[in-house]
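Worksheet for the structure shown next.
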Amino acid sequence: MRKPLLFAILGASVLLAQPTRAADISVRDLTTQLYKADRSAPLSFSGLDLRELDLSGLDFKGATVSQSNLFGADLSHANLSNASLKGSRLDRVTIIGTRFDGADLSDASFLRPSTFSTLAAPASEAASFAGADLSRARLFGRFNRANFRGAKLPGATLAPFNKTGFIEHIWRTEMSGADLSSADLSGANLTYVMFTFANLRGTNLSQAVLRKADLSRADLTGADLTGADLSEADLDGAILTDARGLDTALGLDTARNVEKSIR
């Protein structure tokens, strides 16, 4: 056997032999602590490594899980309402039917989460972020039919980013049929985002970047588009009744299907 090939095999064997780093707390211990916890005195799991743990169905009772690594964790049907996940990594998590209502997710990372069990994306499995704080958060994935009503996403980034090395199943963030009514998306980067049939009634989109976004059939009644960048956005059937600041929007002359929008 040639030496380079032998060294390659030996090197791979060493890597495979190395133990996988365990999480900082076991599922059993975390579950026990949460079961005994009082909602009036939330627990803290800040800064912990919770990667790939099965936390499905757990009620976090408003716990603080900020600056934690939850990469690949299963949060299906978990209740994280009013929890603090500020600055946490939630990439590749499973959030089927998960509740984040009122949670603090500012500066958090939500890249390519698993949001549905099938490609049909049933509404019953959509996650809820109603009233959550996602300021400056990074989101990329399928959030179709999700509830973001009244959520705060100023300065958030939902635009595509560099390849990760994983097989790419999607190329833009999907918000089709999502409820973003009265949400704050001011200054957010929404490049390429699919908002088809989304509820954007009364949404603050001032200074938001909507370049090449798909707003087909979206309801933007009463939305604030002051200074928004609509360059090459698709407005086919978009409802713009009583939308504010449309005259100050950038790139409207390059937007597609403007004549098919409803004003």
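Computed from the coordinates by the stated procedures, all read-outs in this text should not be read as laboratory data. What you are looking at is a predicted structure, and each value in this text was computed from that prediction instead of being measured. Cβ: placed from backbone, ideal geometry, glycine included. Neighbour counts: every protein chain shown.
Its convex hull of Cα atoms gives the chain a direction-averaged projected area, equal to a quarter of the hull surface, of 16.9 nm². The share of C-alpha pairs in region 115-158 whose separation exceeds 16 Å stands at 40 percent.
Gain in length, Leu119 to Asp54, computed as 0.36 nm per residue apart minus the alpha-carbon separation, to one decimal in nm?
On the way: separation 65, 0.36 × 65 = 23.40 nm, distance 2.24 nm.
Computed gain between Leu119 and Asp54 is 21.2 nm.
Over all directions, the projected convex hull of the C-alpha atoms in region 80-165 averages 5.3 nm² in area. Applying D = kT/(6 pi eta Rh) to region 34-112, where Rh is the Kirkwood radius over alpha-carbon pairs, T corresponds to 25 °C and eta to 0.890 mPa s, the Stokes-Einstein value obtained is 204 µm²/s.
Pairs of Cα atoms under 8 Å, at least six residues apart: use those to get the relative contact order of the chain, whole percent. Before the final figure, lay out each step's value.
On the way: 819 pairs, mean separation 22.2, N = 263.
Reported as a whole number, the value is 8 percent.
Rounded if a/c is under 1.5, else prolate if a/b is larger than b/c, else oblate: which is region 183-263, with a ≥ b ≥ c the root eigenvalues of its Cα gyration tensor?
Numbers: a/c = 1.20, a/b = 1.06, b/c = 1.13.
Rounded is the answer for region 183-263, as its axis ratio a/c remains below 1.5.
Simple point charges give the picture: +1 on the Cβ of Lys and Arg, -1 on the Cβ of Asp and Glu, and for the chain a dipole about the Cα centre of about 720 debye.
Any idea what the dipole of region 40-186 comes to, in debye rounded to 20, about its Cα centre with Lys/Arg Cβ at +1 and Asp/Glu Cβ at -1? Before the final figure, lay out each step's value.
Numbers: 15 positive and 15 negative charges, 61 e Å.
Dipole size: approximately 300 debye.
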